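Data block below; observations after.
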Amino acid sequence: MLSATSSKTQTRNMSTRQTMLKAFYPVLTKVTRFFGVNNRKIISSTAEQPHTSIYEIPIVLNSGDTITLSQWKGKKILIVNTASDCGYTGQYEELQSLYDQQKGKIMIIGFPANDFKKQEKATDQDIAAFCKKNYGVSFPIAMKASVIKGNDQHPLYKWLSTPDQNGWNTEAPAWNFSKYIIDEQGKLSSYFDPGVSPVGDDILNELTKSL
């Protein structure tokens, strides 16, 4: 976890809105859990074989580099759609903590999107700077894209939400910080709503369970 000193430094670097959102995140988590909102967990009991491979879908990072997930075959991959001005933005800190703790065992990839209440920054450069300065993010961040169903949906998210491609799941992101887990064999194993913490037992159990 982040040290108290680094947390204070980050808070000073944040805008007033961001400081308030970060402080509000633990409250939001408790409220949504209490009311059962944004806390769905959809886990495939059989991890159906996908009809097309997720490993060959091109992903453009905010650095401009193009990658595929094939380089992480044999590892679990956590895919998260992110935003800089959301009540759940504090999950960046949890995602980075998870990435540090599980480094070499799993991969995390963030997909900034402006699909929900326009809560993402204008440019990929601004997003990258925000993630690095405020949360020390070191896991890969893709270029901003659309993650909801429609003509502009990123091909990866079309795969994640189309049964004819992934084998079983229809669920597109419900809001910022929805999460998908790909298992070691390239199968979609689970979907989690935004209110499910990246460092909570539900996701940790899914990431660490054996095939």
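For Ile108, what residues show an amide H to amide H distance below 5 Å, using hydrogens built from the backbone and excluding near sequence neighbours?
Leu78
Tell me, what % of the accessible area of region 20-68 is carbon and sulfur with a 1.4 angstrom probe?
63
Near Gly74, within a Cβ-to-Cβ distance under 14 Å, what is the net charge of the other residues, with Lys and Arg +1 and Asp and Glu -1?
Its environment carries a net charge of +3.
On C-alpha positions alone, give me the angle between the axis of helix 124-135 and the longest principal axis of the chain, in degrees, nearest 10.
70
My understanding is that a pair violates if its Cα-Cα distance is over 29 Å; which of Lys30/Lys75; Lys118/Lys209; Lys30/Lys132; Lys30/Lys121; Lys75/Lys117 do that in this structure?
Those over the limit are Lys30/Lys75; Lys118/Lys209; Lys75/Lys117.
Under the rule of -39500 (n - 2.57) per DSSP H run of 4 or more residues, summed and divided by the residues of the chain, what mean residue ellipticity at 222 nm is obtained, to the nearest 500 deg cm²/dmol?
Counting only the DSSP helices, I get -10000 deg cm²/dmol.
Given a 1.4 Å probe and every protein chain left where it sits, what share in percent of the accessible area of region 157-211 is carbon and sulfur?
43
Kindly express, to the nearest 10 degrees and within the range 0 to 90, the angle between helix 16-35's C-alpha long axis and the longest C-alpha principal axis of the chain.
50
Classify region 62-177 as rounded, prolate or oblate from the Cα gyration tensor: take a ≥ b ≥ c as the square roots of its eigenvalues, call it rounded if a/c is under 1.5, otherwise prolate when a/b beats b/c and oblate if not.
oblate
What's the angle, to the nearest 10 degrees (0 to 90), between helix 91-101's Cα axis and the longest principal axis of the chain?
Roughly 70 degrees between the two axes.
Tell me which of Tyr92, Thr68, Ser53 sits at the most positive position along the dipole axis of region 15-166, charges placed on C-beta atoms (Lys, Arg +1; Asp, Glu -1).
The listed residue farthest towards the positive side: Tyr92.
What is the extension gain from Gln71 to Ala129, computed as 0.36 nm multiplied by their sequence separation minus the C-alpha to C-alpha distance, in nm to one decimal?
18.3 nm
The values are calculated or read from the model by the stated rules, or taken from the named source; none is laboratory data. Small disclaimer: the values here were computed from a predicted structure and weren't measured. Don't worry about glycine lacking a Cβ; one is built from the backbone with ideal geometry, like all the others, and counts go over all protein chains shown. The protein model used for the area step is the full one, side chains on, heavy atoms only, and it has no ligands, DNA or RNA in it. Shrake-Rupley method; radii C 1.70, N 1.55, O 1.52, S 1.80 Å.
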